[in-house]
There are 2 protein chains.
Amino acid sequence: MEVSRARIAGVNSRIKVVRTGLTASAALPGSPPDQRAASELALDRIILGDCLAELQRLPSQSVDLVFADPPYNLQLEGALTRPDHSHVDAVDDDWDKFDSFAEYDAFTRAWLAECRRVLKPDGALWVIGSYHNVFRVGAILQDLGYWILNDIVWRKANPMPNFRGRRFTNAHETLIWATPTRSKRYTFHYEALKGGNDDLQMRSDWFIPLCTGDERLKDAGGRKVHPTQKPEALLARVLLSSSNPGDVVLDPFLGSGTSAAVAKKLGRRFIGIERDPVYARAAQQRVDAAAPVDPQAFAAAPAKRSEPRVAFLSLIEAGLIAPGEMLEDERRRHKALVRADGTLQLGPAVGSIHKIGALSQGLPSCNGWTYWMIERNGQRLHIDALRGEYRQTHRAAA
Amino acid sequence: MEVSRARIAGVNSRIKVVRTGLTASAALPGSPPDQRAASELALDRIILGDCLAELQRLPSQSVDLVFADPPYNLQLEGALTRPDHSHVDAVDDDWDKFDSFAEYDAFTRAWLAECRRVLKPDGALWVIGSYHNVFRVGAILQDLGYWILNDIVWRKANPMPNFRGRRFTNAHETLIWATPTRSKRYTFHYEALKGGNDDLQMRSDWFIPLCTGDERLKDAGGRKVHPTQKPEALLARVLLSSSNPGDVVLDPFLGSGTSAAVAKKLGRRFIGIERDPVYARAAQQRVDAAAPVDPQAFAAAPAKRSEPRVAFLSLIEAGLIAPGEMLEDERRRHKALVRADGTLQLGPAVGSIHKIGALSQGLPSCNGWTYWMIERNGQRLHIDALRGEYRQTHRAAA
DNA sequence: GTCCTTTGTGAATCCTCAA
DNA sequence: GTTGAGGATTCACAAAGGA
């Protein structure tokens, strides 16, 4: 999973191609979606166009991760307001809400369904929202067959206070992490996250400051370019936890381009869709200015699960353990004989290091590598240490 | 917010009336709901019966606050064991099983609609849920015309870990606070909450321990009476923030009776509906044993103030350390690369600041915070100093 | 009685690959 | 698709037990 310098250079040069201007959807008029193979997918580009129309052009099962920050406030979205919104009195309020919700739901269902089509089977989707919209998004997502893995709470370090003092300070937003189907194949860098968190599992509540200061995009007049620019730290945690270097990250509501900028910095590929030319241009400039961090700093960490398997027999064949030696558990309660074929013998029972380990304890299963110990140079070692030794000496060959 | 002694005494004497036993619904056969005025509403009682049927008997606009802890529809499959092979006691009760989302939605819509009818116009509703159900509950609640005031995150101090390391620790549950209509007339004790929170506005993320120890109801055999008993601190914050002494609190899924017990302790009236006779009896005993308390004691209780934990990753996210930088130990014998995910790399090894620190010295453990140094402005600092800096700028991190 | 160690447990949608 | 074996995996508390 090492990312070479050549690869990074390749990413950079590709970005340079689109740096000349936005890739407007109008530039691709004659390409029907069904004829576009995944290999043709143009990457590291910002598409200026309608979210739904552009999603429909993307090939199926071509994207590793979707990050979506859809509109929260129905009233402010031109496409979602009723034409005759002008006079709504209190009596009509419920109907108005129902109409708005129905429209919002239809819109949500449409883009979530397209994202599900575009996602690879082992990909995943993240959506962020507030209480205004996240319940609808979450329910629709479940209805469409997505499988929720976690809901994550982004706890804001410095939220806007509630000026009227009529509610609790709205100090968090919610993210939903889901796979397109109920699948066990998804990316999650458990050990890396744990390593960065004082060796404790990363929890579902994340404490991250708002996007402020230099990170916040401003226009020439010093006004913020986008009203809800997300902090890069939030996106970084999303991408680092659930994607790999080189993965394709799609953002159907790119906005100020946080997801694309972080994707570039962390060695991921991106596709961003944005309808507003002002946002799209700002995002493009931001992406152009973003510099990838040292590839060593985001290269996939070796996870135990992904280490190559080693048969216990291989240790015997490599001379690290001799047939006839005895293994013991930590407390020296059980003692087993190493046989030449890589099995253990404990009394009359013969089986794998795991089976005999489980049997000796009366448990349904056991990791023999971390259960059995052997004596070497007057010290006791888990046989897992010898496995590590074996892997080290055989890594060069591979 | 002060609860007067006279008022508490009055509540007590009323409760004595129903202390003789459970008020079974069968005891009220001849009273059609429409003929029952609000003034006749029998209070401080636990109704043994079906949630929907009993809600339908209650008069309209008679309740100040609803607290509902409905089934979550967890959809668990198979068994789960801890790394030590012990069995995880899952919530596999029949009451949590639904055939489909559609069935769960119909049930949810029915009880939420009845609660809306029963609520006074200036009343409010609280629902608690997890990602399994809360999105559906929230969307249906909006569809019915409820108006959401806040979503609240209950951050668990001591959640169950994710034993297989396949997801983020599910460390929170979500509460929704809503009024039956879009109304400005609802109860919110802003100042009282602020006073109990170091004069800071109470945020939407609440840090409260699970219900354990003596508070957890046990049967004669020492087994927990109810699988999902909620902590009284959670209910206390709900009731103190959004109800007044003397208010009527309705809980359609009473379970172990936390809401009723806290209501009695805080001088509120209650109506609890519970279908399971075992739960209902336990709740009744619990309520009988509950004595009015000083609200301040509750408000002060929950958050044990220790130094908030800071992840090394947070320093990177905050820009205090950049991915790709190098850390060195005091004597410059070892040099490690800071990775974007908050882990360190030393040669082929990747791990936490502590793990890599220990590895570099050949020791079993190491405090990475005081072992690793970094250069800043020509001077060398322990990374612990940067942690201090982070804590200073982010007080709310706990 | 005090201190230290061991054990138990909580609303959980909790593995992965080869044959 | 299914089956079977390999082997990876836990945090904060509280209560009980032992020295």
Inset, instruction - Heavy atoms only, probe 1.4 Å: what % of the accessible area of the range B:166-305 goes to carbon and sulfur, would you let me know? - result: 49
Legend entry - Percent of Cα-Cα distances greater than 15 Å, calculated over the range B:192-280: 63
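Rg/Rh for chain B to two decimals, with Rh computed the Kirkwood way over all alpha-carbon pairs.
1.06
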Legend entry - Relative packing of B:249-257, A:308-316, which averages over residues the other C-beta atoms within 10 Å, highest first: B:249-257, A:308-316
Inset, instruction - List the distances, in nm to one decimal, from the label point of residue B:86 to the label points of the same position in every other copy, shortest first, placing each label point 7 Å from Cα along the Cα-to-Cβ direction. - result: 6.9
Inset, instruction - State whether the range B:111-169 is rounded, prolate or oblate according to the following rule on the C-alpha gyration tensor (a ≥ b ≥ c being the square roots of its eigenvalues): a/c under 1.5 gives rounded; otherwise a/b larger than b/c gives prolate, and the remaining case gives oblate. - result: prolate
Legend entry - Residue mean of other protein chain beta carbons inside 10 Å, B:183-192: 2
Legend entry - Computed label-point distance, nm, for sites residue B:166 and residue B:182 using a 7 Å Cα→Cβ extension: 4.3
Legend entry - Local net charge near residue B:123, Cβ-Cβ under 12 Å (Lys/Arg +1, Asp/Glu -1): +1
Legend entry - Principal axes of the range A:333-395: Cα extent on each, largest first, Å: 34, 26, 22
Inset, instruction - Return a whole-number percent for the relative contact order of chain B, with Cα pairs under 8 Å and 6 or more residues apart as the contact set. - result: 15
Inset, instruction - Report Rg (one decimal) and Dmax (nearest whole number) for the range A:283-354, counting Cα atoms only, units Å. - result: 23.1, 72
Inset, instruction - Provide the packing ranking of A:103-112, A:238-247, i.e. peptides ordered by the mean count of other C-beta atoms within 10 Å per residue, highest first. - result: A:238-247, A:103-112
Legend entry - Mean-position separation - Cα centroids, the range B:153-222 and the range B:70-106, in angstrom: 21
Legend entry - C-alpha center-to-center spacing [the range B:360-398, the range A:278-299] in angstrom: 28
Legend entry - residue A:68 long-range amide H proximity, modeled H, under 5 Å: A:126, A:127, A:128
Legend entry - Convex hull of the range A:187-344 built on C-alpha atoms - directionally averaged projected area, nm²: 14.0
Legend entry - Set of the range A:173-216 residues, backbone N closer than 14 Å to the point 7 Å along the Cα-Cβ line of residue A:391: A:191-192
Inset, instruction - Mind checking A:227-239 for the average number of partner chain beta-carbons within 10 Å of each residue's beta-carbon? - result: 2
Inset, instruction - Calculate the mean, over all residues of peptide B:152-159, of how many other protein chain Cβ atoms lie within 10 angstrom of the residue's Cβ. - result: 3
Inset, instruction - Please quote Rg/Rh for the range B:262-398 to two decimal places, taking the Kirkwood radius as Rh and restricting both calculations to Cα atoms. - result: 1.32
Inset, instruction - Take the Cβ-Cβ distance between residue B:87 and residue B:322 as r, set R0 to 51 Å, and report the resulting FRET efficiency rounded to the nearest 0.05. - result: 0.65
Inset, instruction - Could you tell me which of the pairs B:218/B:264; A:230/B:184; A:224/B:194; A:194/B:224; B:120/B:156; B:194/B:265 are separated by over 23 angstrom between their Cα atoms in the structure shown? - result: A:230/B:184; A:224/B:194; A:194/B:224; B:120/B:156
Inset, instruction - Please sort A:318-326, A:145-153 by packing, taking for each peptide the average over its residues of neighbouring beta carbons within 10 angstrom, highest first. - result: A:145-153, A:318-326
Legend entry - Full-stretch length increase - residue A:379, residue A:200 - with 0.36 nm per residue and alpha-carbon distance subtracted: 61.5 nm
Legend entry - Taking the range B:258-385 and dividing mean pair separation by its residue count, relative contact order in percent (alpha carbons under 8 Å, at least six apart): 13
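The values are calculated or read from the model by the stated rules, or taken from the named source; none is laboratory data. For clarity, every value in this text was computed on a predicted model and none was experimentally measured. Glycine also receives a Cβ, built like all others from the backbone with ideal geometry; neighbour counts cover every protein chain displayed. Heads up: the accessible areas ignore ligands, DNA and RNA and are worked out on the full protein's heavy atoms, side chains in. Shrake-Rupley method; radii C 1.70, N 1.55, O 1.52, S 1.80 Å.
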